[in-house]
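The values are calculated or read from the model by the stated rules, or taken from the named source; none is laboratory data. Keep in mind it's a predicted model, so treat the numbers as computed, not measured. Every residue, glycine among them, receives a Cβ derived from its backbone with ideal geometry; neighbour counts consider all protein chains shown.
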Amino acid sequence: MSTPVIQVRDLRKAYGDLQAVAGVSFEVAEGEVFGMLGPNGAGKTTTVEILEGLRIRDSGEVSVLGMNPATSGRDFKRLVGVQLQQVALYPRLRVHEVISLFGSFYEQQAETEELIALMGLEDRRNARIAELSGGQAQRLSVALAVVNMPRLVFLDEPSTGMDPQARRNLWDIIEGFKARGMTVVLTTHYMEEAERLCDRVAVMDHGRIIALDSPSALVRENFAEDAIEFVSNDGLSEHDLGELAAVTSAASQGSAHSIFSSDIPRTMGSLLDLAQERGAPLEGMRVRHATLEDVFLKLTGRTLRD
Ligand SMILES: Nc1ncnc2c1ncn2[C@@H]1O[C@H](COP(=O)(O)OP(=O)(O)OP(=O)(O)O)[C@@H](O)[C@H]1O
Ligand SMILES: [Mg+2]
């Protein structure tokens, strides 16, 4: 196996009393799409920006493409692409001008018009940055991250603010990066995004990685079962649901309930009996496989977007 593109061991970073990254270790292989999934404040951006050389770590070992991002120079910038969670671009410049400008900082640069087409910004080619919608600005920031045709690209919540169509386009684009052999590190709150794109996902919470594996393995390790999902406003508690036949766990968020079952027909039968007994209506009932969202809820007791 080739040397990992990224190696991180016991990384730590505090802001005053707050331990934002509290001892994180992982590796990213060449050509991998590696996800960091976690709620607000989990420490994703802090971790990623340390790897990008934009923040200085307190302690721990970090190697990115064999370099220390804290002290590396031109080689690093040539090989690494960065999309920041917050972008401040020149508001009066036009889209194509910004892309050309950023490209001009590098010896190797992608074709401006190709990037515009790739990101679906043809209509907005001559628009000023200040005139872009949030989702369009987001697409531009992804284009800028690959303007130097990097070997490794960091995308910090690339799909935030995008409509569903743009998000799906972005997924295709990221798959295109992967197909060209680029290594991608991305952060997200969207489990569908992580499930669809990532070879492996680090689930982060409170500055720690609480699980790390492929999306399917994370689900498999945590749930041997499928879930029955439904909405019921009346009188069914998490506790009642947990007592139903063949139920292994139950999770309720207000009136929305999920119960995990090792035997769907048995659980379904006892759920219908209970609902009838209580006179509780069951709405929108469906059976589904467990997801990364369920894994997160199981590991932390919270949802990703609390
Ligand atoms: N420059 C800073 N100064 C002080 N505290 C900071 C700074 N940057 C981040 N923090 C704090 O560190 C913690 C981790 O923040 P970070 O931005 O890494 O989280 P995140 O996982 O990227 O969250 P989000 O999903 O909201 O982007 C948060 O509690 C945040 O308030
Ligand atoms: Mg962040």
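Picking from residues in the range 1-18 that are surrounded by fewer than 17 Cβ atoms within 10 Å (Cβ to Cβ) and not in a strand (DSSP E or B), the one that is nearest to ligand 1 (Cβ to nearest atom) is 16.
Of the residues making up the range 7-35, just one is under 17 Å from residue 299 (Cβ atoms) and within 14 Å of ligand 2 (Cβ to nearest atom), namely 35. State whether one or more residues within the range 19-30 are within 16 Å of ligand 1 (Cβ to nearest atom), under 30 Å from residue 130 (Cβ atoms) and of a type in the set (S, T, N, Q). Checking the range 19-30: not a single residue is within 16 Å of ligand 1 (Cβ to nearest atom), under 30 Å from residue 130 (Cβ atoms) and of a type in the set (S, T, N, Q).
If the condition is being part of a loop (DSSP other than H, G, I, E, B) and closer than 27 Å to residue 19 by Cβ, then the range 190-224 contributes 190, 198, 206, 207. For the range 122-145, the set of residues classified as buried (at least 17 other Cβ atoms within 10 Å of the Cβ) and of a type in the set (Ser, Thr, Tyr) consists of 141 only. The single condition among (1) within 30 Å of residue 120 (Cα to Cα); (2) within 16 Å of ligand 1 (Cβ to nearest atom) that residue 205 does not meet is (1). If you go through the range 36-69 and pick out every residue that is assigned to a strand (DSSP E or B), more than 13 Å from ligand 2 (Cβ to nearest atom) and touching a strand residue (DSSP E or B) at 6+ places or on another chain (Cβ under 7 Å), you end up with 6. In the range 25-35 there is at least one residue that is assigned to a strand (DSSP E or B) and within 14 Å of residue 205 (Cα to Cα). Residue pairs whose Cβ atoms lie under 9 Å apart, sitting 6 or more positions apart in sequence or on different chains, and linking a residue in the range 187-199 that is touching a residue at least 40 places away in the same chain (Cβ under 8 Å) to a partner that is within 11 Å of ligand 1 (Cβ to nearest atom) and part of a helix (DSSP H, G or I), are 187/44; 187/45; 187/47; 187/48; 188/44.
Go through the residues of the range 163-180 one by one and say whether even a single one is assigned by TED's automatic domain parsing to the domain that holds residue 89, part of a strand (DSSP E or B) and out of contact with any Phe, Trp or Tyr (no Cβ under 8 Å at 6 or more places or on another chain). No, that holds for no residue. Among the residues of the range 199-227, not one is closer than 30 Å to residue 275 by Cα and within 16 Å of ligand 2 (Cβ to nearest atom). For the range 225-241, the set of residues classified as among the acidic types (Asp, Glu) and part of a strand (DSSP E or B) consists of 226, 229, listed by residue number.
In the list 51, 152, which residue meets the criterion of being within 16 Å of ligand 1 (Cβ to nearest atom), closer than 28 Å to residue 207 by Cα and either within 24 Å of the chain's Cα centre (by Cα) or in contact (Cβ under 8 Å) with a residue 12 or more places away in the chain (or both)? Just a single option satisfies the conditions, and that option is 51.
So if I check each of 177, 154, 230, which one is in contact with a strand residue (DSSP E or B) (Cβ under 8 Å, 6 or more places away or on another chain), closer than 24 Å to residue 100 by Cα and more than 16 Å from ligand 2 (Cβ to nearest atom)? It is 177. On inspection, residue 95 qualifies as surrounded by 16 or more Cβ atoms within 10 Å (Cβ to Cβ) and out of contact with any strand residue (DSSP E or B) (no Cβ under 6 Å at 6 or more places or on another chain). Looking at 244, 271, which is the one that is among the aliphatic types (A, V, I, L, M), under 27 Å from residue 296 (Cβ atoms) and assigned to a loop (DSSP other than H, G, I, E, B)? Answer to the check: 244.
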